[in-house]
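Single-structure report; data block below.
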Amino acid sequence: MTDGDDDAGFRFAYEPGAVVYGEGRVADLERELAAIGAERGLVVAGETVGTTDAVVGPVREGLGDRLADVFAGTTPEKRLAQAAAAADAFEDADADAFVSLGGGSSLDVVKVASTLVASGQPYESALRDLERAGTVPVPDDELPPIVAVPTTLAGADLSVVAGITARRDTEPVVRGGVFDGRLMPEALVYDPDLFRTTPDGVLCASAMNGFDKGLETVYARNGTPVTDGTALRGLRLLSRGLPALGAGERDDDTMHDAIVGTVLVQYGASRGDGTTLSVIHAFGHGLARGYDIQQGAAHGVIAPHAVRDIFASVDGRRDELAEALGVADEADGPEATADAVVDAIDGIRAALGLPERLRDTAIPREDLPDIGQAVVDDGFMPNRPRGYDPDADAIEAVLERAW
């Protein structure tokens, strides 16, 4: 049911892992592994997170005797070589489960590593598949289970997909991904104490990415009443918590609103039959791939402009968004409602300290036509609201307005 199509039927098939939230709940990790039948968990984290005792120390303690080892070798580039190295570390440690610690990059690497462990596929073979088909084959065999311990707010945790890249020497970067319902983490532990260890800039930029998942799920053509409920409730929490987070607050109420809001906006957004991510995320892919710009920052710049462009063509469920963002009282007719929603989105961007214009980023203006075409061709664009059908020139015009 999207964009006022009240009579539409829907099918919602979703199998999320157990969601655990609360202060100090990382201490429950040993119990969560036991609940999924795992004896030894390999912690996979970034080079900084995995060597910072304030972050990895509580995870080690929480796993107790079920800690197999720590692999601190992922980076934001999400290289296939890192997944292969993590798969080797998994075998060397005699592990039977992965524990992803940190942001979405580590979780994506873990998902690909789980695929490689199950298939036994060597790196060079997987690289050829990625270069040829844009993916790494997921075998029919059972995959090692994944437990996710997020420390950012990008909302990439309750997901059945993973992005991955590779590069041979100085050749262009190869990008692709894996998609399978079995890649959903079997448990997810959200501990505010660990989120507090994340630097402000990283946490705030990631929060915009998560916030936009709520926006997109509401107006996506393949949304459902179930995802409406979680996304709208999540947006209410985020519209309250993210400005406080951007102001430097890390108190219990702020962390609750930011973390639980992020859990809710992504709940059901990535399922075995597809995803509700669409226009903003397609823009984000076009802007962030190949340029030195964090995806959350790209989302911050483009989200107000993308949503305004949607509203120029279709209703975009602006009334529901206005209510969730707390600006319904400012709306006096469709145009005023659209303006209020766009202003609220831009206010979240500003509160998080993210760039306002593309000219303030590393994006070259002369590349906007190519980026526009990449956005139109992105795999998320088919989920756009019905009636919104921009071509590459129209997308380039949005990019120019954001410049």
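The distance linking region 242-266 with region 170-221 is 15 Å (Cα centroid to Cα centroid, whole angstrom).
Structural descriptor for the chain: relative contact order 16 percent, calculated from alpha carbon pairs under 8 angstrom and at least 6 residues apart.
A crude spin-label estimate for the pair THR170 and SER313, with each label 7 Å from Cα along the Cβ direction, gives 4.1 nm.
Computed from Cα atoms, the angle from the helix 225-246 axis to the main principal axis of the chain rounds to 90 degrees. For the chain, with all protein chains in place and a probe radius of 1.4 Å, 45% of the accessible heavy-atom surface sits on carbon or sulfur.
Ordered from highest to lowest accessible area with the whole protein assembly present and a 1.4 Å probe, HIS305, HIS256, HIS299 read as HIS256, HIS305, HIS299. In a reduced charge model with +1 at each Lys and Arg Cβ and -1 at each Asp and Glu Cβ, the chain shows a dipole moment near 340 debye about its Cα centre.
In deg cm²/dmol and to the nearest 500, what is the mean residue ellipticity at 222 nm of the chain if only DSSP H runs of at least 4 residues count, each as -39500 (n - 2.57), divided by the residue total? Don't skip to the end; give the middle numbers.
Values: 15 runs with 194 residues, N = 403.
About -15000 deg cm²/dmol.
Computed from Cα positions, the angle between helix 368-377 and the longest principal axis of the chain comes to roughly 70 degrees.
For the chain, the solvent-accessible area works out to 39 Å² per residue, with a probe of 1.4 Å and every protein chain left in place.
Rounded to the nearest 10 degrees, the angle from helix 279-288 to the longest Cα principal axis of the chain is 60 degrees.
The values are calculated or read from the model by the stated rules, or taken from the named source; none is laboratory data. Because the structure is a prediction, the values reported are computed rather than measured. Quick reminder, even Gly has a Cβ in these numbers, built from the backbone with ideal geometry, and neighbours come from all protein chains shown. Accessible surface areas use protein heavy atoms only, side chains included; no ligands, DNA or RNA. Shrake-Rupley method; radii C 1.70, N 1.55, O 1.52, S 1.80 Å.
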